[in-house]
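Before anything else, here's the structure in question.
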Amino acid sequence: MQILWFRNDLRVHDNPALHHFLMHYQSGDRAIYLLTPAQWHQHHWSRIKIDLIKRHVALVSKQLNELGVQLEVYHVDDFEQQVEFIINENEQGSAIHFIANEELEVNERQRDEKLKSKGVTLTLFEADVIVSKGKVLNQAGEMFKVFTPFKRAWLRHVKNDGVEYLGKPGKRTTAIEINDEPVNHANNDVLQGDNSSSQWPLIDEVEAHTIPAFFANKHDQYHEFRDIPSIKGTSGLSPYLAIGALSPRYLLQLILNKHPDLLTAHDSPAFSWLNELIWRDFYRHLLHHFPKLCRHKMFNDKYANITWPYDKAKFDAWCLGQTGYPIVDAAMRQLNQTGWMHNRLRMVVASFLTKHLLIDWRLGEQYFMSKLIDGDLAANNGGWQWAASTGCDAQPYFRIFNPIRQGERFDPKGEFVRKYLPELDKVPDKHVHFPHSYMKSHSDIAYWPAIVDHKAAREQALAFYR
Ligand code: FAD
């Protein structure tokens, strides 16, 4: 008997574990999803992400229904209880074969190892990357520590070996009467995140509308607009990739359908978007090879003993968007209000926290995780360690974003900052990214004083890192 165990792979489209399960399906086989709210809390998952998960569990249940498979949902709190649950299920029958897609992070890997050591037959597939982890190595057989050679080897691999894409499973010919809704053994409250993700459509709609529109209208201009936060110039697909509702291999298929020669045209503008998907793979491969990244360790051991000073008032001001630097404050309010933040701004606010305020990047990483709808350990850790200069192929420590200049460059008319900081509505464009001297002669404008002086903070950061 097979039990298909859905985890961070909430999709039927291009799902290798489901594909295997359906190929070997026999009557009596089951599909399960185990809610682990206490574990999610421990991992600082945001409520909006949990809400998106909840909605996709329901969608997967409907889609499985069309395949004649009933999804059963259970509440088991954390990974320890997941282990007990699976062992208990295993003892209920003989020769039970559990099928799942692997999860990358260290607690998840330990849980699976534990199950195997207790005699559970668990077959794992890989669904979260385009190229398999462990398949892109340097000549010494090791993981690359610089992105560009990784990318070249990655492209070579895709070109030479191809990427297996399984597509959508076909409908079953013999109809089976089962429920659309999951068989819910969980307390419904557990499924509820009180931060609604309803602004984000479900993946079936995204695949039917958002993705085709992105390829028709935005993909080729991505390199021009990707850094402008007032424009929707990026795909907005990260929440779906983060919960496994969307297959990165499907995205590769779509890119290559549009630009069949792109694998060898890495200088072309159309390559920029694929480049980001390769960064995504890069950070996941890193986490696979360096599990210490899941344990709050610096990638670069040189920085292992840094003690960042901590100033609660400054950290709180950063979290709340009250630093007096409009691009930072608007970005943090975007995060707090919507659960998402534009990539350029993630880099700016992370640099500001770690360099201007000299606050430990791990606090920023955790805060992001607790707010982001697309919170993903690999990309989040990669991004934070890049900004803090402690990471793999990171920003050198002496490159410190000037938040005023970043605002002027990427939001020249102040459209983005005014959207989230209406108090700056009346400030002219040329002052909007640092309104403090203008405010001296305009007492009707109320905005937070600058928490630090840019020049002095920069000097301090250089000395600190040096
Ligand atoms: P697009 O620009 O359309 O890119 C397509 C996809 O490529 C994204 O959906 C994402 O899956 C991937 N991608 C894009 N940029 C990156 C990148 N720099 N690193 C890794 N993958 C990337 N991304 C997350 O998915 N989850 C996170 O928790 C996360 N935290 C971040 C923290 C910091 C400090 C920084 C600097 C970046 C972080 N990123 C994270 C990466 C990036 O900001 C988001 O993936 C991107 O903004 C999502 O928007 P999009 O889907 O429109 O991206």
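Val328 is checked against (1) within 24 Å of Phe410 (Cβ to Cβ); (2) surrounded by fewer than 22 Cβ atoms within 10 Å (Cβ to Cβ) and fails just one. What number does that condition carry?
Every listed condition holds for Val328 apart from (2).
Here are Met369, Met298: which of them is out of contact with any strand residue (DSSP E or B) (no Cβ under 9 Å at 6 or more places or on another chain), in a helix (DSSP H, G or I) and either within 16 Å of the ligand (Cβ to nearest atom) or of a type in the set (Val, Ile, Thr) (or both)?
None of the other options fit; the residue is Met369.
Quick one: would you say Gly134 is small (Gly, Ala, Ser) and at pLDDT below 95?
Working: small (Gly, Ala, Ser): yes; at pLDDT below 95: yes.
In short, yes.
For Asn90, indicate whether it is of a type outside the set (Val, Ile, Thr) and more than 23 Å from Leu241 (Cβ to Cβ). Spell out the reasoning first.
Details: of a type outside the set (Val, Ile, Thr): yes; more than 23 Å from Leu241 (Cβ to Cβ): yes.
Considered against the rule, which asks whether it is of a type outside the set (Val, Ile, Thr) and more than 23 Å from Leu241 (Cβ to Cβ), Asn90 comes out as yes.
Cβ-Cβ distance below 9 Å, separation of 6 or more or different chains: which pairs start in segment 382-403 with a residue that is assigned by TED's automatic domain parsing to the domain that holds Trp318 and more than 20 Å from His296 (Cβ to Cβ) and end on one that is more than 10 Å from the ligand (Cβ to nearest atom) and part of a loop (DSSP other than H, G, I, E, B)?
Pro396/Ser389; Phe398/Ser389; Phe398/Arg466; Arg399/Ser389; Pro403/Thr323; Pro403/Tyr325; Pro403/His433; Pro403/Phe434
Could you tell me how many of the residues in segment 220-238 are touching a Phe, Trp or Tyr at 6+ places or on another chain (Cβ under 6 Å) and closer than 20 Å to Asp14 by Cβ?
Selection size over segment 220-238: 1.
Across segment 129-169, what is the total count of residues that are in contact with a helix residue (DSSP H, G or I) (Cβ under 8 Å, 6 or more places away or on another chain) and polar (S, T, N, Q)?
1
Still on this structure, I have one more. Consider only pairs whose beta carbons are under 7 Å apart and that are at least six residues apart or on different chains; among these, list those whose first residue lies in segment 82-102 and is within 26 Å of Ala38 (Cα to Cα) and modelled with pLDDT under 95 and whose second residue is assigned to a strand (DSSP E or B) and polar (S, T, N, Q).
none
In segment 265-295, which residues are farther than 21 Å from Thr390 by Cα and in a helix (DSSP H, G or I)?
Phe271, Ser272, Trp273, Leu274, Asn275, Leu277
For segment 220-258, name all the residues that are within 9 Å of the ligand (Cβ to nearest atom) and either assigned to a helix (DSSP H, G or I) or over 16 Å from the mean Cα position of the chain (by Cα) (or both).
Tyr222, Arg226, Lys232, Gly233, Ser238, Pro239, Tyr240, Leu241, Ala242, Pro248, Leu251
Now a separate question. Can you name the helices (runs of 4 or more DSSP H) wholly within segment 302-354 that have at least 1 residues being at pLDDT 95 or above and more than 10 Å from the ligand (Cβ to nearest atom)?
Hits in segment 302-354: 312-320, 326-338.
A further question on this structure: Would you call Tyr420 touching a residue at least 24 places away in the same chain (Cβ under 8 Å) and either within 11 Å of the ligand (Cβ to nearest atom) or not aliphatic (A, V, I, L, M) (or both)? Give the steps one after another, and end with the answer.
On the way: touching a residue at least 24 places away in the same chain (Cβ under 8 Å): yes; either within 11 Å of the ligand (Cβ to nearest atom) or not aliphatic (A, V, I, L, M) (or both): yes.
Yes: the conditions hold for Tyr420.
The values are calculated or read from the model by the stated rules, or taken from the named source; none is laboratory data. The shown structure was predicted, so the numbers you read here are calculated from the model rather than taken from an experiment. Cβ: placed from backbone, ideal geometry, glycine included. Neighbour counts: every protein chain shown.
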